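Here the structure is laid out as structure tokens; the discussion comes afterwards.
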Amino acid sequence: MNMEIIVYMAGAHLIFCGLTHLGFGKIFNWEEELPKMSPENRACIQILNHCLMLFWYIVGIIYLIFPGDIVATSLGNALLTSICIFWVIRLLVIQPIYVGFKTKESWIQVVIFLSGFVFSLIPLVC
């Protein structure tokens with residue numbers, strides 16, 4: 001299989017993750033929930049969400065524009081490895097501590113995180 005196609009899929013997945021973060025306000029009812037927080041905590045939540053969203057867009061666009069470089073260069077492989085490490089930590093460390101695996105939504109997250117991991121792992125090992 002052409003590894004550049006997998007990198008395109010990984011890029012699309014990352015952009016999907018960024019787009020998902022656009023909906024966090026509605027998903028988590030921020031209109032009602034954020035006013036309960038101090039201004040500093042409210043700002044922190046929103047800033048972190050926007051920064052993570054921006055990160056997903058940047059890396060996703062890099063994957064879409066430079067798939068050949070991602071699979072053929074040390075820097076591209078370092079980026080793939082870094083994203084793999086991110087997904088593993090997100091799934092195996094952060095998820096159990098803060099969310100767990102008890103709800104339907106938590107299992108949807110597991111699928112999203114595993115997909116991101118696999119999309120970045122395949123070009124590294126094949």
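The values are calculated or read from the model by the stated rules, or taken from the named source; none is laboratory data. What you see is a predicted model; the values in this text were computed from it and never measured. Using ideal geometry, Cβ is built from the backbone for each residue, glycine included, and neighbour counts are taken over all protein chains shown. Quick note on the areas: whole protein, heavy atoms, side chains included, nothing else; ligands and nucleic acids left out. Shrake-Rupley method; radii C 1.70, N 1.55, O 1.52, S 1.80 Å.
Per DSSP H run of n ≥ 4, the term is -39500 (n - 2.57); total these for the chain, divide by its residue number, and report the mean residue ellipticity at 222 nm rounded to 500 deg cm²/dmol.
Mean residue ellipticity, 222 nm, calculated: -26000 deg cm²/dmol.
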Accessible area per residue, 1.4 Å probe, Å², for the stretch 36-126: what's the number?
-> 62
Comparing V111, V88, V71, which has the greatest mean-square fluctuation in the GNM of the chain with Cα pairs linked when under 10 Å apart?
-> V111
Note the direction-averaged projected area, equal to a quarter of the hull surface, for the Cα convex hull of the stretch 9-126, in nm².
-> 8.0
Mind checking the dipole of the stretch 1-49: about its Cα centre, +1 per Lys or Arg Cβ, -1 per Asp or Glu Cβ, Debye to the nearest 20?
-> 20
Roughly to the nearest percent, how much of the accessible area of the chain is carbon and sulfur, given a 1.4 Å probe?
-> 72
Sites I89 and I5 - FRET efficiency at Förster radius 41 Å, r taken between beta-carbons, to 0.05 | 0.95
Of N77, I6, I112, whose Cα points farthest to the positive end of the dipole of the chain (charges on the beta-carbon: +1 Lys, Arg; -1 Asp, Glu; origin at the Cα centre)?
-> I112
Quick one: dipole size for the chain, taken about the Cα centre, charges +1 on Lys/Arg Cβ and -1 on Asp/Glu Cβ, in debye to the nearest 20.
-> 240
Approximate spin-label separation I97-V118, in nm, with each point projected 7 Å along Cα-to-Cβ | 2.7
